[in-house]
1. Among DSSP beta bridges lying fully in the chain, give the percent that are antiparallel, nearest 5.
2. Using alpha carbon centroids, what distance separates region 84-130 and region 218-234, in Å?
3. Report which label in [x] 19.1, 55; [y] 17.3, 49; [z] 19.9, 59 holds the value of Rg and Dmax of the Cα atoms in Å derived from the coordinates of this structure.
4. Determine the calculated [θ] at 222 nm for the chain from helices alone, applying -39500 (n - 2.57) to every DSSP H run no shorter than 4 residues and normalising by the residue count; nearest 500 deg cm²/dmol.
5. Give me the angle, in degrees from 0 to 90, between the Cα long axis of helix 10-21 and the longest principal axis of the Cα atoms of the chain, rounded to the nearest 10.
6. Using only alpha carbon positions, build the gyration tensor of region 2-132, then give the equivalent ellipsoid semi-axes as the square roots of 5 times its eigenvalues, largest first, whole angstrom.
7. I'd like the orientation of helix 197-207 relative to the chain: the angle between its Cα long axis and the longest Cα principal axis, in ° from 0 to 90, rounded to 10.
8. Once you have the Cα-Cα distance between residue 221 and residue 140, take 0.36 nm times their residue separation minus that, and quote the gain in nm to one decimal.
């Protein structure tokens, strides 16, 4: 049995589907199983990670655990303790590419992920760390503008990243959870090629069969309305990362291909897979 936290999120949902396809039993943890619409075959379980007394039951009969940091950050030590006591032997953590050798530990994003990484590596379990850089799903922040017209407004049109498809993150997690040879491994994950923000917007438009362009706005005109899903206090951190990506050479790894045996999906493929998310509903 593999326990998946954040099972209704982008990576978690793909992971659940891929584990089931491999014949692995899955316990999918989510806040509201009745609304999660998880793949058939998964054991959908309501999880309140703040309820310490309820944690042991979440891991009964499980041998593996996937930790999505977004879903469980403050409770990670408690979850690891409960999982270990229940007999879980293997854990895979979804961390961040912001963590790297020599990273500034005072940086909010780095500190956030290092807290979890250190808890995992000290847990006594067989652990694997996944450190993806830019997520292709970050482009959902532009979905409302794409649905509304043929122009997207935002900062730093020339920011270059190599966004990774959530299915590729999940595919690496599957191998780390089911196969031997991944203990104490730290996998840096990216898409197979770099592109600018404006190029990514064009690819989203092309996938939907129409031209969509990106219009750059000054940084000082950006507010939380443009990035509604960014946590309070993190907007400037995100904008700093965008600014740095304009001049920095983006990291491109081959880790997905090395671990899964197939190439990582391109951003164009991701855009095609998510056409419906950028298409206005018909009336």
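Read the figures in this text as sums done on the coordinates, not as results from a lab. None of the values given here were measured: they were computed from a predicted structure. Positions of Cβ are generated from backbone atoms using ideal geometry, with glycine treated the same way; all protein chains shown enter the neighbour counts.
1. Just about 5 percent of them are antiparallel.
2. With region 84-130 and region 218-234 each reduced to a Cα centre, they are spaced 27 Å.
3. Comparing each candidate, only [x] matches the computed number.
4. Value at 222 nm, helices only: -10500 deg cm²/dmol.
5. So the inclination is approximately 50 degrees.
6. 24, 16, 14
7. Orientation of helix 197-207: about 90 degrees from the principal axis.
8. 27.1 nm
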